[in-house]
Structure formats: C-alpha cells, structure tokens
Amino acid sequence: MIAVEQEMTSRDCNEYTEMVAEVFVDTIRKSAIKSACPDPDGEITQALMECLQYVYLHGASPIRQIAAGLEISLSAASQLVDRLVKKNMVTRSQSKSDRRLTQVELTEAGQTAVREMRQRKTEWFDSILEAMSPSHRRALRDSLESFLALALETRDDADRACVRCGMGNVQSCIINKLKNKYNTTQQVSREESGR
C-alpha cells in the first residue's frame, strides 16, 4: 500500500499532474471570483458578472449568443439578462437588423462594474505572477500554451475557448494561433481535394 501511495504522489506521475492541474484550475476560479465579486452576498453574483463580462468583451449581443458563449441554456441566459436589466447594468432592445432578436448592451453602470471587476482580478493575478521569478512566469505561460495546443483538438474547441476570453484580435494568443492552424489545414485539405 505504501509503495502504491508513493507511486501515486510521485511528481512524475500523470495522476499527480492531473491533481495539481485540478487544484490550479479550482484556485484560479475561486480566487478570481473572490477578487471579482468580493461580497458573495452582494448584488452582483458570479453568474451575473460572467454575463456582464461577456457583453463587455463582445459588444451588443443577442441572448442566444450570450447563452452559447456562456454555455448555458437560453432560459438561464434570459433570466440573467432580466436580473441585470432590473439592476440597471444592461439594456435590452430590439435588433435594428432583425426585429425578432433582442440586443443586450451594457449601461454605464454595467461597464463600470466590469472594468472594476477586471481590474481587481488583474491586480490579484499580477500579484501572484510578480512573486514568481521571470523564468517561472515564462515556464508557466509556455506550459499552459503547450497544454492548450494539445487539449484544443478541433476548430470548435478553439472557438469555444476563444468566445470566453474575447481576445480575438490578439495574434500572439495561443488560441488564435490554433485557429489559424486549423484554418490553414482546412484550406490545404480543400485545395488537395479539388485537384
């Protein structure tokens, strides 16, 4: 039994790496939430803040797009938007191009809330990174990028990840690099099949 436990906790064991990764993800998520929404009983919950941030990053959005981006049901997205409208954080209006669709836009109060949340989250994350040596910061970034390059196996996987962050125009982003690779591969495949 002791030999099995030692084998499972070896730093070279994949299971140990998986456990550390789970703790890492959980720590990032909980700490980011705590810094973004410092008052858990406050008016803005994590779910509301994620909805606000989505609209902040993507601009005026139909509820269907918000639901897809947050990977929640259409009714859950509609309920979040209703709560944000009541808090004067967003407005809901008919789309000019298609009157059947409603557009959700941030109010000034919503923009301020998101900017403040993003600032608090950035300050927390920066404080952790600044405590690390430059070589450890580079190693963390490089390892995360390598992991994502392997884990996001398809264009759809990369698109789902990209929708969450809103960094579609940052060419150095690993997800954008993956999407470009998938586009090039798809284009080459089409050209080869056309021959």
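The values are calculated or read from the model by the stated rules, or taken from the named source; none is laboratory data. What you are looking at is a predicted structure, and each value in this text was computed from that prediction instead of being measured. Please note: Cβ atoms are built from the backbone with ideal geometry, for glycine as well, and neighbour counts cover all protein chains shown.
Overview of values
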item: Filter result (assigned to a helix (DSSP H, G or I) and at pLDDT below 65) within segment 1-38; result: Ile2, Ala3, Val4, Glu5, Gln6, Glu7, Met8, Thr9
item: Residue among Ser78, Ser61 that is farther than 17 Å from Arg118 by Cα, touching a strand residue (DSSP E or B) at 6+ places or on another chain (Cβ under 7 Å) and either outside the structural domain of Asp156 (by TED's automatic domain parsing) or not aliphatic (A, V, I, L, M) (or both); result: Ser61
item: Candidate set: segment 39-60, residues that are surrounded by 14 or more Cβ atoms within 10 Å (Cβ to Cβ) and not in a helix (DSSP H, G or I); chosen: the one modelled with the highest pLDDT; result: Ala60
item: Output for segment 78-130, where each listed residue is closer than 20 Å to Pro62 by Cβ, under 21 Å from the mean Cα position of the chain (by Cα) and either acidic (Asp, Glu) or not in a helix (DSSP H, G or I) (or both); result: Met89, Val90, Val104, Glu105, Leu106
item: In segment 152-166, residue modelled with the lowest pLDDT [restricted to those that are out of contact with any helix residue (DSSP H, G or I) (no Cβ under 8 Å at 6 or more places or on another chain) and loosely packed, with under 15 Cβ neighbours inside 10 Å]; result: Asp156
item: Pick from segment 167-195, criterion more than 21 Å from the chain's Cα centre (by Cα) and outside any helix (DSSP H, G or I), ranking: modelled with the highest pLDDT; result: Gly194
